[in-house]
1. Pop a pseudo-label 7 angstrom from the Cα along the beta-carbon direction at both residue 65 and residue 187 and give the gap in nm to one decimal.
2. So how much slack lies between residue 317 and residue 368, counting 0.36 nm per residue of separation and subtracting their Cα-Cα distance, in nm?
3. Of 191, 243, 220, whose Cα points farthest to the positive end of the dipole of region 178-248 (charges on the beta-carbon: +1 Lys, Arg; -1 Asp, Glu; origin at the Cα centre)?
4. Please go through the residue pairs 65/197; 24/65; 119/377; 65/211 and name each one whose alpha carbons sit more than 25 Å apart in this structure.
5. State which helices in the chain qualify, where a helix is a whole DSSP H run, it must extend 18 Å or more along its own axis by its Cα atoms, and its mean Kyte-Doolittle hydropathy must be at least -1.0.
6. With θ set to phi - 60°, apply the Karplus curve 6.51 cos²θ - 1.76 cosθ + 1.60 along region 383-396 and write out the HN-Hα couplings as whole Hz, x wherever there is a Gly or Pro.
7. Under 13 Å from the Cβ of residue 296, count the other residues' Cβ atoms, weight Lys and Arg +1, Asp and Glu -1, and hand me the total.
8. How long are the semi-axes of the ellipsoid equivalent to region 330-421, from square roots of 5 times the Cα gyration tensor eigenvalues, in whole Å, largest first?
Amino acid sequence: MAKTIQAIRGMNDCLPSQSPLWQKLESTIKNVVSAYGYSEVRMPIVEATHLFSRAIGEVTDVVEKEMYTFDDRNGDSLTLRPEGTAGCVRAGIENGLLYNQEHRLWYIGPMFRHERPQKGRYRQFHQFGVEVFGLNGPDVDAELIMMTARMWRELGIAEHVRLELNSIGSPQARANYRQALVDFLMQHESVLDEDSKRRMQTNPLRVLDTKNADIQAILVDAPQLGDYLDDESKQHFARLCELLDAAGIEYQVNHRLVRGLDYYNRTVFEWITDSLGAQGTVCGGGRYDGLVEQLGGKATPAVGFAMGLERLVLMLENLNQDDVRPAVDVYMVTAGEGAMAVGMKLAERLREQVPGLRVMSHFGGGSFKKQFKRADKVGASVALVLGEDEVANGTVALKDLKGGEQQTLNQDEIAASLKALI
Ligand code: HAM
């Protein structure tokens with residue numbers, strides 16, 4: 001027998017048993033963003049490699065180690081998008097959306113990073129992201145955070161996520177801080193591991209993210225980024241905190257939160273859960289006021305976030321928030337070919353009369369017993385039964401599959417009894 005072909009490691013199928021929960025998650029968050037007036041944007045999955053190296057930064061984990069990059073048949077270097085912000089900015093510049101305009105956008109789709117797969121971390125994963133262009137105040141930063149808080153409430157996970165917040169200031173403030181941090185790290189070089197030594201040279205702020213407990217211990221005395229912030233960034237951050245306080249959103253200021261992508265300035269934030277082990281960041285974002293200009297557009301302030309949908313699905317499952325309406329409401333059970341034709345016609349009529357009702361017809365024949373088993377298997381709450389008598393009389397038997405009662409109704413009147421199912 002030929003060897004079966006398997007999916008690529010870290011890239012998962014979403015099976016029919018899982019898709020209802022994904023759909024529930026996606027429709028909940030889409031409803032939230034549309035309640036704030038945001039519009040969808042769709043970008044290609046593949047972009048020119050230098051878009052990502054320029055936007056995300058040459059010395060980031062994503063660009064150094066994690067991108068799926070290949071030459072196409074013309075010899076052009078292309079990359080499967082590791083995130084959505086770079087492509088969204090590219091699309092905005094290219095289509096003239098960012099010139100003296102304001103846009104509030106969202107997107108959803110697969111992203112690719114060649115990381116070591118583990119629970120909550122995959123090589124193909126899905127993000128839901130939001131990007132706002134043309135607004136520079138802390139009010140929109142606050143709105144994005146309020147919007148995410150609303151999503152957690154509507155998903156029933158608000159009690160299980162916490163918000164960490166920081167300001168990383170202007171590029172100049174960060175350059176000053178970077179020097180102070182390097183000076184400090186040099187004094188403790190003997191404690192640093194290889195990774196941190198390398199980062200100290202290339203991207204020292206990332207040393208603050210270390211998981212190494214010995215290094216974390218020395219970092220307690222390290223200079224703090226907050227002490228190096230420029231005045232405008234300080235005011236922006238203070239106002240953001242006020243707005244969040246006024247909205248009743250709890251947060252913890254984490255001076256070591258710097259995020260792993262280079263384009264950020266001022267506000268950065270992460271929503272974290274302790275319920276998923278090591279991969280606990282379910283959503284991350286911040287301001288990136290310099291990126292549009294850096295990628296060739298006119299200077300445009302911008303802010304956004306993205307959330308990892310696999311992580312949210314895992315949380316919903318862990319917290320038993322995964323009740324979803326089964327894919328089928330009504331199962332059409334029929335005896336013989338004549339009844340089957342009547343059944344299909346009745347099913348069509350019901351789909352018109354009760355919008356949103358999901359009706360599945362039984363195919364392949366077999367006894368009533370077999371058909372009822374199938375109805376249970378697909379999760380239907382009602383079976384409509386058409387035997388010879390019903391066909392002859394223009395009636396149909398309605399069997400409540402949860403409660404067990406059965407009644408016979410006129411085919412013309414059945415729609416009213418099914419409205420309650422949606
Ligand atoms: P990020 O922090 O790299 O930010 O990713 C955002 C979220 O995507 C993470 O918090 C996590 O939930 C999820 N995620 C990332 N990598 C993986 C993975 N390998 N497997 C599963 N989930 C993952 C960004 O991508 C920025 N573009 C966010 C942003 C938008 N900032 C401003 N605008």
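1. 2.9 nm
2. Working: separation 51, 0.36 × 51 = 18.36 nm, distance 3.45 nm.
Extra length from residue 317 to residue 368 when fully extended: 14.9 nm.
3. In region 178-248, that residue is 191.
4. Working: 65/197 17 Å; 24/65 34 Å; 119/377 29 Å; 65/211 18 Å.
Exceeds cut-off: 24/65; 119/377.
5. Working: long enough: 19-35 (24 Å, -0.09); 138-155 (26 Å, -0.03); 171-187 (24 Å, -0.44); 231-246 (22 Å, -0.60); 336-353 (25 Å, -0.39).
Taking the DSSP H segments of the chain (at least 18 Å long, mean hydropathy at least -1.0), we get 19-35, 138-155, 171-187, 231-246, 336-353.
6. 10, 9, 10, 10, x, 4, 4, 4, 4, 5, 9, x, 10, 8
7. Working: positive: 54, 90, 298; negative: 94, 293.
For residues surrounding residue 296, the net value is +1.
8. Details: eigenvalues 56, 49, 32 Å².
For region 330-421, the ellipsoid semi-axes come out as 17, 16, 13 Å.
Each reported figure results from applying straightforward, stated rules to the coordinates on display, with no laboratory input. Only a predicted model underlies this, so the values are computations on that prediction, with no experimental measurement involved. For neighbour counting, all protein chains shown are included, and Cβ atoms are generated from backbone atoms with ideal geometry for every residue, glycine included.
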